[in-house]
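The structure under discussion appears below in the form of structure tokens.
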Amino acid sequence: MPLFPPAACPRLIVKIGSALLVDPDGGIRRDWLRGVAADIAARVHAGQQVAVVSSGAIALGARRLGLAKGGRASLEDAQAAAATGQIALSQVWAEVLDAERLTAAQMLVTLDDLEDRRRYLNAAATLDRLLSLGAVPVINENDSVATAEIRFGDNDRLAARVAQAAQAQGVLLLSDVDGLYDRNPALPGAVHIGRVERIDAAIEAMADRGSASGMGSGGMASKLEAARIATSAGVALAIASGRIERPLSAEARHTLFVPDKRARARKSWLTGRLTARGAIRIDAGAASALAGGASLLAAGALGIDGSFARGDVVTILHQEQPVARGLSEYDSADAARILGTKSDAQAEILGYAPRSALVHRDHLVLI
């Protein structure tokens, strides 16, 4: 049975890498893409809702503009290539899906669109409506305006975040490799890993950070990060090869990352975030309390980094390592004033009744 059958996965996100969609000369692999469109059509007609996260805009634009290094020699080149290539990319997707009697819809997002809670909910509502209408959203990072500070940096992580927003049950990363190996698959004796129940240090050590094609921006490390985001949100993620015809209908080797069934919507949004406004440093006692499910109290806080407002996302650090992320109950100035204090002393310091915690457990996730 192919991965993520419609009956078991009502909503699926499919990510397609640049090396699959664009040939080495910078042209679109139309025959292969028509096969993918036919696979999507078969799934949609079987009742599955499918959205596509499609790479390829920069590679296509670089060819048309004659830019060196595939358009990645500088941020300005990448932005210009993306602006040019996105038109071609959206046009070809519209053509191949229309041939299958499907309607394509384009969504371009930046990191901020899915990091800001309100914009995240707006994007989620748009995705939900498009999918419910039977359209196939084709999503890409808006590289023409994104800068180094506000980029996902790869479409693997974007696909995982889109899955969260769309409340999908599965993410399929089509790649130039057929899954995770215990070492670089080009090395002798490399062993394929078919199923991952938990992403731990041993699994992370298997990642190869290179992008074999030279076109994309990801590698196995980015796919593991995507898997962590997806599974933390209760979404299954699979890495499979797109180097075959009709990859969505083929029964081929892959790696499946098993989802965490305990995930909650707001907490999964926090887990998947890639940025934070600031940080709170804590002592060992507070770290232990957080691990046991408690809120972060001011008594266990040692220091404040950065400037943030009440309700902003902060990272919680113990011995300089991130242990949790959550929504701060105070702005950074007031949080700094009550560091290390008990609740009965905070009212006099603040001049108002203190809140129950620096970060409440209902708005906190361990990482």
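Hey, what number do you get for the chain at 222 nm if only DSSP H runs of n ≥ 4 count, each worth -39500 (n - 2.57), divided across all residues, to the nearest 500? Walk me through the numbers before you get to the answer.
Numbers: 13 runs with 133 residues, N = 367.
Taken over the chain, the calculation gives -10500 deg cm²/dmol.
The slack between A99 and I87, meaning 0.36 nm per residue of separation minus the straight C-alpha distance, is 2.5 nm.
Placing unit charges on the Cβ atoms of the charged side chains and taking the dipole of the stretch 276-366 about its Cα centre, the candidate lying farthest along the positive direction among H363, A286, S332 is H363. With contacts taken as Cα pairs under 8 Å and at least 6 residues apart, the chain reaches a relative contact order of 14 percent.
Counting only C-alpha contacts under 8 Å and six or more residues apart, can you give the relative contact order of the stretch 276-366 as a whole percent?
Details: 195 pairs, mean separation 30.4, N = 91.
So the answer I get is 33 percent.
Remark: K15, K223 ranked as K223, K15, counting other beta-carbon atoms within 10 Å and listing the fewest first.
When only DSSP loop residues count, what trypsin sites (Lys or Arg not before Pro) in the stretch 53-153 have their Cβ near at most 10 other Cβ atoms within 10 Å?
Working: sites: R63, R64, K69, R72, R101, R117, R118, R119, R129, R151; in loops: R72, R101, R151.
Sites meeting the loop and neighbour criteria: R101.
Here each label is just a point 7 Å from Cα along the line to Cβ, and for R129 and Q319 those points are 5.0 nm apart.
Listed by chain and number, the lysines whose alpha-carbon sits under 30 Å from that of K261, ignoring those within fewer than 8 places in the same chain, are K15, K223.
Panel order for L173, L366, by other beta carbons found within 10 Å of each beta carbon, from fewest to most: L366, L173. The distance between label points at A294 and A353 comes to 2.4 nm (points 7 Å beyond Cα on the Cα→Cβ vector). The separation of the stretch 334-367 from the stretch 75-102, counted between C-alpha centres, amounts to 49 Å. Contact order, relative form, for the stretch 1-145: 25 percent (alpha carbon pairs under 8 Å, 6 or more residues apart, mean separation divided by residue count).
Read-outs throughout are calculated quantities, based only on the coordinates presented, and are distinct from any laboratory measurement. Nothing here was measured: the structure is a model prediction, and the numbers come from that model. No Cβ is skipped: glycine too gets one built from the backbone with ideal geometry, and neighbour counts run over all protein chains shown.
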